[in-house]
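The values are calculated or read from the model by the stated rules, or taken from the named source; none is laboratory data. In this text the structure is predicted, and so the values were computed from the model without any measurement. We place every Cβ from the backbone using ideal geometry, glycine too, and count neighbours over all the protein chains shown. Ligands, DNA and RNA are excluded from the accessible area calculation, which covers all protein heavy atoms including side chains. Shrake-Rupley method; radii C 1.70, N 1.55, O 1.52, S 1.80 Å.
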Amino acid sequence: MTADAGTAPEPAVERWAVRIEYDGRPFVGWQRQITGLSVQQVLEEAAGRLAAGRPVTSITAGRTDAGVHATGQVAHLDFPIGTGLTGAKVRDALNFHMKPHPVAILQAMPVDSAWNARFSANRRFYRYRIVNRRGRLALDDGRVWLVKRALDIDAMNEAARHLLGRHDFTSFRASACQAKSPLRTLDRLAVMRHGEEITIEADARSFLHHQVRNMVGTLKLVGEGTWAPERVGEALRACDRRAAGPTAPPDGLYLTGVGYDPDPFSVAC
C-alpha cells in the first residue's frame, strides 16, 4: 500500500511467534495496566531493546489474570526487517533482556504477516493444580490451590461431564466478561489424582473470562460432598452466575498450550 502524501511509509517488519512460560505471582496479569507490572510490559520492553529502541507491541493468544501462570502462552512480535534475526537469537536475546523477571521464551519462530497469535489459534489448553492435604504449603505456595477437605475425583468427573459440549456458560463467566456471546464448546474437562495432587484439565477453542476458575470452584464443591454432581448441570442451565460455585484462586491455574494449524512451533528453533 502506498503511503499518503506527506506521511512516511510504515517500516517493513517481520513477524515472530514466541512461546512463553511465566510465573504469574509478581504480575498484574498479561495485559498492561495503569499501575503494576504486567507480563506484556516485560516482553515488549525486552523486544524494544532487541529492536534497537524501536517500540515493539505484542498480541497474545490469551490474556491471563493476575497470579495466573503459563507454560505455553503464545504471542507474536513485529521486528524491523534487516536485523538478521534467527529463532535462537530472538529467544536468547529476549530471555537476557527479561531478567530477572520470571518470564522465559521457550521457542521463537518466523511466521507470515497474516498469522496472528490470537485469531489464528484454534484451541486453548488449561490445567488447574490442587494440593489436597491438611498440611500447609512450603514449596508450591502461590502455584497451587491448597484444599484441606478430602476430594472425591470420581464425583468431580461425573459432575464435569455435565459441562462438556456446546452450552451457554453464563453461570460460569465473570460479570465483567466482555465476550459478545456466552456460548462456548467445552471439548475436555478431566479430573485426575496423582498422590495428594489433583489436576483438572480443560480444552476448548476459547474460554470466557474466569470460566475455568469458576468451573474448578464448582467442581470442588462436588468433590468435598457439598454438592451432588447433577447440581452442576442445574447450575449450567440456570444461566445465572449466582447459581454456580465460587471462583477458584488464580494460584493453581496454568495456560499450558495454544493450538494452531499448522503449528509454527512444530520445528525446533
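Backbone phi angles across region 259-266, fed through the Karplus curve with coefficients 6.51, -1.76 and 1.60 (θ = phi - 60°), yield HN-Hα couplings of x, 9, 9, x, 8, x, 9, 6 Hz in residue order; Gly and Pro are listed as x.
All Cα-Cα distances of region 15-57, cut into 10 Å bins from zero to the largest, leave 27, 53, 20 percent in each bin in turn.
Amide H contacts under 5 Å for V13: I81, restricted to partners 5 or more places along the chain or on a different chain, H placed in the peptide plane at 1.01 Å from N.
In plain terms, if you count all Cα to Cα distances in the chain and split them into 10 Å steps from zero, the share in each step is 7, 27, 30, 21, 10, 3, 1, 0 percent. Test of the criteria: in region 56-94, which trypsin sites (Lys or Arg not before Pro) are in a DSSP loop and have at most 16 other Cβ atoms within 10 angstrom of their Cβ? Here the sparse-neighbourhood loop sites are R63. Take the convex hull of the alpha carbons in region 13-119; its mean projected area over all directions comes to 6.1 nm². When Rg and the Kirkwood Rh are both derived from Cα coordinates, the Rg/Rh ratio for region 190-269 amounts to 1.06. Across region 143-232, Cα-Cα pairs more than 16 Å apart make up 52 percent of the total. What the Cα convex hull of region 70-169 gives, in volume per residue, is 160 Å³. Pairs of Cα atoms nearer than 8 Å and 6+ residues apart set the relative contact order; for the chain it is 23 percent.
Normalised per residue, the accessible area of the chain is 49 Å², obtained with a 1.4 Å probe and no contribution from ligands, DNA or RNA.
Phi-derived couplings, Karplus 6.51 cos²θ - 1.76 cosθ + 1.60 at θ = phi - 60°, listed residue by residue for region 64-75: 6, 7, 4, x, 8, 9, 8, 10, x, 5, 10, 9 Hz, with x used for Gly and Pro.
Can you send over the carbon and sulfur percentage of the accessible area for region 147-269, probe radius 1.4 Å, protein chains only? Show your work: numbers first, answer last.
On the way: 2770 of 5710 Å².
Here it works out to 49 percent.
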